[in-house]
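Below you'll find the structure, written out as structure tokens, and then a few comments.
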């Protein structure tokens, strides 16, 4: 059986369906063109001078700026001053942070010094010949640690016989004073040694204070 053939219909635009073309005007219907006259040499020079007068040089414009304009030199000086102040503040913060970190490391070191002092005091009371080498070794270690603190600028706080100062002393007990000491409180005993670095108190000294007699 032969295959069935298919018929395709192609639309064809007829003359009746096409849009009629618009009529074009003839040359005689167009308006007459304007007559262009060449510019004279004087007119060209006048136009050029007018154009050059409207464009001002940049330097003259900047120099003749109004009084309220920005003074860039003052701005640069102010920025330089701000940068210098910022560097100084950063240096102060770094120094303070370094001092706080040093204090944090030294506080446990002071506890070791206290233990050595108590050990040396107990060894001096025993005075046994067999313990003399141990005592000498502990004394040498203690002197080395004291020299280390001294090299770092750390000194003990004066206590016994000094006037009581609440900024560097911490009173743990108060005893009656004598008439000879006058009207000020005096430190009569040191319970725990204190340390300072310059004007900075690293650890206040614990002391017993003699209060003046009324």
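The values are calculated or read from the model by the stated rules, or taken from the named source; none is laboratory data. Here the structure is a predicted model, which means the values were calculated and not measured. Neighbour counts run over all protein chains shown; Cβ positions are idealised from the backbone, glycine included.
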Only one of 68, 137, 161 is modelled with pLDDT under 90, not in a helix (DSSP H, G or I) and not assigned by TED's automatic domain parsing to the domain that holds residue 194, namely 68
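Of these, 189, 184, which one is assigned by TED's automatic domain parsing to the domain that holds residue 206, at pLDDT below 85, closer than 24 Å to residue 203 by Cβ and not in a helix (DSSP H, G or I)?
Numbers: 189 fails: at pLDDT below 85.
Step by step, each of 189, 184 is checked, and only 184 is assigned by TED's automatic domain parsing to the domain that holds residue 206, at pLDDT below 85, closer than 24 Å to residue 203 by Cβ and not in a helix (DSSP H, G or I).
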query = Can you find even one residue in the range 170-179 that is modelled with pLDDT under 85 and in a helix (DSSP H, G or I)?
reply = yes
For residue 172, the lone unmet condition from (1) closer than 28 Å to residue 148 by Cα; (2) in contact with a strand residue (DSSP E or B) (Cβ under 9 Å, 6 or more places away or on another chain) is (1)
Residue 147 passes all but one of the listed conditions (1) surrounded by 12 or more Cβ atoms within 10 Å (Cβ to Cβ); (2) at pLDDT 90 or above; the exception is number (1)
Q. Within the range 86-101, is even one residue more than 30 Å from residue 195 (Cα to Cα) and either assigned to a helix (DSSP H, G or I) or at pLDDT below 55 (or both)?
A. yes
